[in-house]
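The values are calculated or read from the model by the stated rules, or taken from the named source; none is laboratory data. Bear in mind that the values here come from a model prediction, so they are computed numbers and not experimental data. Cβ atoms come from the backbone with ideal geometry, glycine included; neighbour counts cover every protein chain shown. Heads up: the accessible areas ignore ligands, DNA and RNA and are worked out on the full protein's heavy atoms, side chains in. Shrake-Rupley method; radii C 1.70, N 1.55, O 1.52, S 1.80 Å.
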Amino acid sequence: QVQLVESGGGLVQPGGSLRLSCVVSGTIFTLWSMEWYRQAPGKQREFVAAIAPSSITNYADFVEGRFTISRDNAKKTVYLRMNSLKPEDTAVYYCHQRRASDDSWGQGTQVTVSS
């Protein structure tokens, strides 16, 4: 059974930083791309960033160079480093793994940006 467990969310002031982690088990981590999504209250879930097995990355336009996705294959972990956080970044952040025939989501971690 594939499991994705996020951590690292919390309350941070505008301009602050957080690093989210997502530990994956139950699958061959190195085969698949990993993604981060987020969902703010009353809004649809949206794509944030992705990293391929080759470590090629892709970001949503709103990231504007503030976030960095990375992966540690030995630890089966994907990270999302978020800098210069804004109140509009407040959301539940989800880790996602897309495989050939199915996919898996984590339970989410809350990020709140507020003074």
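Listed by position, the strands (runs of 3 or more DSSP E) inside region 69-115 whose residues that are crowded, with 19+ Cβ neighbours inside 10 Å number at least 3 are 77-82, 91-98, 109-113.
Name the strands (runs of 3 or more DSSP E) wholly inside region 1-67 in which the number of residues that are in contact (Cβ under 8 Å) with a residue 12 or more places away in the chain and open to solvent by less than 50 Å² (accessible area, probe 1.4 Å) is 1 or more.
Values: elements: 3-7, 10-12, 18-25, 33-39, 46-51, 57-59.
Ranges flagged: 3-7, 10-12, 18-25, 33-39, 46-51.
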